[in-house]
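One structure below.
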Amino acid sequence: MIAQDIIIRPIITEKSMQDITNKKYVFEVAKNATKIDVARAVEELFKVKVVKVNTVHVRGRMKRQGRFEGYTRSWKKAYVQLTANSKPIEFFEGMM
């Protein structure tokens, strides 16, 4: 897999924005991507050094629309911690 296929999108929430000061970022990643794949993709795309990666499988939730019901899609989330001397990711800098 190439780096663009591994990192799908950044997760922008209040909680994820609080961790940016500690150089911890949150991304939606491909379901079959490993922690090593995610670390290499972030290093390649953003030119930073990664210390560790934690991943979470997010299950789909039951939703109803009138009399119809179904599940939202399941996906994978990755928490990426950068080194202390690494530069911050520029994409997130304008949101602070």
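The values are calculated or read from the model by the stated rules, or taken from the named source; none is laboratory data. If you're wondering where the values come from, they're calculated on a predicted model, not measured in any experiment. Cβ atoms come from the backbone with ideal geometry, glycine included; neighbour counts cover every protein chain shown.
Below is a table of values for the structure above.
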quantity	calculated
Some residue of segment 28-49 being closer than 19 Å to Lys87 by Cα, part of a strand (DSSP E or B) and modelled with pLDDT of 95 or more	no
Of all residues in segment 51-96 being of a type in the set (Ser, Thr, Tyr) and part of a loop (DSSP other than H, G, I, E, B), the one that is nearest to Ile11 (Cα to Cα)	Ser74
Near pairs, Cβ below 8 angstrom, 6+ apart or cross-chain, from segment 65-89 (farther than 21 Å from Thr55 by Cα) to any residue that is part of a strand (DSSP E or B) and of a type in the set (Lys, Arg)	Glu69/Lys63; Gly70/Lys63; Tyr71/Lys63
Test: residue in segment 36-55 that is under 17 Å from Lys76 (Cα atoms) and in contact with a Pro (Cβ under 6 Å, 6 or more places away or on another chain)	no
Segment 43-96, subset acidic (Asp, Glu) and surrounded by 12 or more Cβ atoms within 10 Å (Cβ to Cβ), residue nearest to Ile2 (Cα to Cα)	Glu44
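So that you can scan it fast, the table gives a plain yes or no per residue for (1) of a type outside the set (Val, Ile, Thr); (2) free of Cβ contacts under 8 Å to residues at least 60 places away in the same chain; (3) touching a Phe, Trp or Tyr at 6+ places or on another chain (Cβ under 7 Å):
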| position | (1), (2), (3) |
| --- | --- |
| Ile7 | no, yes, yes |
| Lys15 | yes, yes, no |
| Gln18 | yes, yes, no |
| Val29 | no, yes, no |
| Lys35 | yes, yes, no |
| Val38 | no, yes, no |
| Val42 | no, yes, no |
| Lys47 | yes, yes, no |
